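Engineer: Here you go, one structure.
Every number here is computed from the coordinates shown, using simple stated rules; none is lab data. Just so it is clear, the structure is predicted and the values come from calculations on it, not from any experiment. Counting neighbours? That spans all protein chains shown, and the Cβs are built from the backbone with ideal geometry, glycine included.
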Amino acid sequence: MRTLSIIVSLLVMALAAGAAQAHAFLDHASPLVGSTVPAAPHEVALTFTQNLEAAFSSVEVTNASGARVDEGKAQISGNTMRIGLKALAPGSYKVRWHALSVDTHTTEGSFIFQVGGP
Ligand SMILES: [Cu+2]
């Protein structure tokens, strides 16, 4: 009987730990992470594993020299964040995002995509 109650309390602790680790991670992105796209995209769209707090989440896109090529303000709705892009020349671009999820945990990350030449 005592063994059973120890097993049950371990199980409860494991479930609680699992819930606490559910932060807003990047689920998928457009353009795809690490991809080469033939034509310049007009926006970057990021989908996360949890809903975001719009006031504390952001994304920026820079070119190979580090200059911003996004249009400045991300639009955030539910678990998606998107930002418009200036006309992109062929080259390599870096997307850096920072997210505060509705569970108050912050996450951040970055990835590269390439715009192919003619
Ligand atoms: Cu979390």
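Engineer: What are the extents of the Cα atoms of region 21-83 along their three principal axes, listed from largest to smallest and rounded to whole Å?
Structural biologist: Its Cα atoms span 34, 22, 18 Å along the three principal axes.
Engineer: Counting only Cα, what are the radius of gyration and maximum Cα-Cα distance Dmax of region 34-118, in Å?
Structural biologist: Final numbers for Rg and Dmax: 13.1, 44 Å.
Engineer: How many nm is it between the label spots at Leu85 and Ile112, if each spot is 7 Å from the Cα in line with the beta carbon?
Structural biologist: 1.5 nm
Engineer: For the residue pair Ala54 and Phe25, what label-to-label distance in nm results when each label sits 7 Å from Cα along the Cα-to-beta-carbon direction?
Structural biologist: Going by the 7 Å Cα→Cβ label model, 2.7 nm.
Engineer: Could you give the length gained on full extension between Leu32 and Lys73, defined as 0.36 nm per residue of separation minus the Cα-Cα distance, in nm?
Structural biologist: 12.7 nm
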